[in-house]
Structure formats: structure tokens, C-alpha cells
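Please treat every number below as a calculation from the coordinates, not as lab data. All figures in this text were calculated on a predicted structure; none of them were measured in a lab. Note that we place each Cβ from the backbone using ideal geometry, even for glycine, and neighbour counts take in every protein chain shown.
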Amino acid sequence: MQLEGIHHITAITGDAQRNLDFYAGTLGLRLVKKTVNQDDPSVYHLFYADEEGTPGADLTFFEYPGAAPGHAGAGMVHRIVWRVASGEAVGFWEERLSGHGVAAERRDGALHFSDPEGLDHELRVVSTDDAPLTAEHPEVPAEMALQGFDEARAYAADPGASHRLLADALGFAHGPQEWEVRGENRGGRWVYDSTPEQPGRAGGGTVHHIAWASGMDDHEEWRRRVREAGGRPTEVIDRFWFRSIYFREPSGVLFEIATLGPGFTADEPLEQLGEKLVLPPRFEPDRERIEAQLTPIRNPRGAIR
């Protein structure tokens, strides 16, 4: 039983339209699900991914309108690292981001930049046998597109405190600061960096949690392993498009283990993903009230085409 790398990463935004313009417009990801936060259905939950909504390329956002910008501190993910195919792709993104008014800096062959609310990203050329997870965008050639997650980096005051849970319970390899988690089909990296002096503050541009990908029937065994390593996992929670458990790892980061299915096509055809507000069945009786609380947003994908 192995985790298949990163399933998704969920962050916070204070402005859904600006967020959508950046991730679906500038970065060329596909909005694959427009729904609501299932723990607070008064706010959006937007899912961006490759063309098919595949785990491993799935960046999601809760919108809390007007949320003040936050900043990462101890126990928080502070950077998302994406795979790209080549140095030419790095150059393409440097030019494209500059053309959209986004400051980007090359360091050690990788490209570093932040989204409009300060969430840090890195584009890195990675040699891997993992399938590239790309979205279609008329302004982004396929060979230049983002190819899914390679790594997430978090701040930790004592990375060694997480060793038992990561190595013994979750099957991460190496450590204590740089880890790899790899399954049969996909893998990813998890890295701890030294904690900055300034305490973290949740808000726009900060990561809420990171999810790792699991087989459909493995949750009870993961719960047992996490408990035996000193963690406190939740019960299995049905998120309709996947099932999840949650727990904080010892360095303070909120972890989720999410199943690889049923997937986003469980309630929408592939070609129509993200085009309308979709609610899990238990929220459908409240659709009118929920829609009245949400600000209308426009997907730039349609406008560009």
C-alpha cells in the first residue's frame, strides 16, 4: 500500500475572479470544478487541474471574499513546485508572466514567482517517467504547459519531529528534511525549510492543506498507521469526488489522504467540467440559497477561445 504522490493542494483566496483570471487565464490550467466549500457552503471551492482533472495537478481554492493577504510561517506550506518539460518552457513562462505583469526570477534553472495574493510558485525542469498532466490553452503550446506537481515545501521548526509519521506510517522515503513519496504510477516530493522569524497568518495566498493520493479502499489502514504513529486522523469523509481523512503531522501542516476516485466526471461530462456551479447531492436542496450568497464569476478559458 503506497501513496501516489500529491493528490491536491488547497489554498485560500479573497477574490475568486482574480484567482480564476490568474490560474485559468495566465497559467493556463483548466477550471475542472466550480463548487462550494463542503464545510462552509457559503463560499466557493474552485478546482484547477489538467484537462481531465487528474490528481497530481489539482490546485484548489476556498474563496473568503475580501480576505486579507496572509503569509506562511511554521507548520504551513509556503511554495508549490510544478514540473515543466524543458529550459525552453521555463523561458516561455518567464516571458508570458512578464507580459501579464507578474514578476518572475530565474534561480538555478528554475523560475520563481507569486500569484496575485503572494502564494509562491516554482517551475522546474524535472526528469521523470510520470505522465505529464497538462491542460489545453490556446496561448500555451502543449510542450510548454505545466505538467503537474513535483514538490511542496513547508516551514518547520523541528523537521525531525515528523520523521516517525512520514517514514513509518506514510511510507515517505529519505528525510529528515527532504522526502519523496512514490507509488506505482506517480510520485512527488515534500521538503521542510527553516522557519522564518515572522509567525504565519492564514489568509489570501496561503495554503490550507495538502492532500496525498491513495487507493480507493485503503483509508482504514492509513487511519490505523497514522494513529499508531501518534496522529489523530478523522473518520473517512465523503467529498463525493473523492473520500478523505485529515490529520496534522507533527510539524503542524494539515495533511489529507484523498482517494483517486470517483473523480470529477462523476457528475459532469469531461468536456463540460467547470462550466457551471456543481453541488454534491446533499447540498442540492439548498441550491437557491447557496447561489444567492456567491458572487458571479467569468471563466477566462471561454473568453480566450
Of ARG282, ARG201, ARG289, the only residue that is in contact (Cβ under 8 Å) with a residue 12 or more places away in the chain, out of contact with any helix residue (DSSP H, G or I) (no Cβ under 9 Å at 6 or more places or on another chain) and surrounded by fewer than 18 Cβ atoms within 10 Å (Cβ to Cβ) is ARG201
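Condition check: under 26 Å from PRO250 (Cβ atoms), of a type in the set (Asp, Glu) and touching a residue at least 24 places away in the same chain (Cβ under 8 Å). Does ASP158 satisfy that? Walk me through it before giving the result.
Details: under 26 Å from PRO250 (Cβ atoms): yes; of a type in the set (Asp, Glu): yes; touching a residue at least 24 places away in the same chain (Cβ under 8 Å): yes.
Answer is yes for this residue.
Considering every residue within segment 105-119, establish whether at least one is out of contact with any His (no Cβ under 9 Å at 6 or more places or on another chain), over 24 Å from ASP15 (Cβ atoms) and surrounded by 14 or more Cβ atoms within 10 Å (Cβ to Cβ). Break it down into steps so the answer makes sense when it comes.
Here is the first cut: in segment 105-119, the residues out of contact with any His (no Cβ under 9 Å at 6 or more places or on another chain) are 107-110, 116-117.
So of that shortlist, the ones also over 24 Å from ASP15 (Cβ atoms) come out as 107-110.
Applying the additional criterion that residues be surrounded by 14 or more Cβ atoms within 10 Å (Cβ to Cβ) yields 110.
Yes: segment 105-119 contains one or more residues that are out of contact with any His (no Cβ under 9 Å at 6 or more places or on another chain), over 24 Å from ASP15 (Cβ atoms) and surrounded by 14 or more Cβ atoms within 10 Å (Cβ to Cβ).
Being part of a strand (DSSP E or B), closer than 30 Å to SER127 by Cα and in contact with a Gly (Cβ under 8 Å, 6 or more places away or on another chain) is the requirement here; does VAL32 meet it?
Numbers: part of a strand (DSSP E or B): yes; closer than 30 Å to SER127 by Cα: yes; in contact with a Gly (Cβ under 8 Å, 6 or more places away or on another chain): yes.
Against the criterion (part of a strand (DSSP E or B), closer than 30 Å to SER127 by Cα and in contact with a Gly (Cβ under 8 Å, 6 or more places away or on another chain)), VAL32 qualifies.
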Run GLN17 past the list (1) farther than 22 Å from GLU268 by Cβ; (2) surrounded by fewer than 18 Cβ atoms within 10 Å (Cβ to Cβ); (3) over 16 Å from the mean Cα position of the chain (by Cα); (4) of a type in the set (S, T, N, Q) and report the number of the one that doesn't hold.
-> (1)
Pick from segment 206-247, criterion basic (Lys, Arg) and part of a loop (DSSP other than H, G, I, E, B), ranking: surrounded by the fewest Cβ atoms within 10 Å (Cβ to Cβ) = ARG232
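Could you pull out the residue among GLU105, GLU94 that is among the acidic types (Asp, Glu) and touching a residue at least 12 places away in the same chain (Cβ under 8 Å)?
GLU94
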Complete set of residues in segment 66-88 that are surrounded by 21 or more Cβ atoms within 10 Å (Cβ to Cβ), farther than 18 Å from TYR155 by Cα and either free of Cβ contacts under 8 Å to residues at least 12 places away in the same chain or over 16 Å from the mean Cα position of the chain (by Cα) (or both) | VAL84
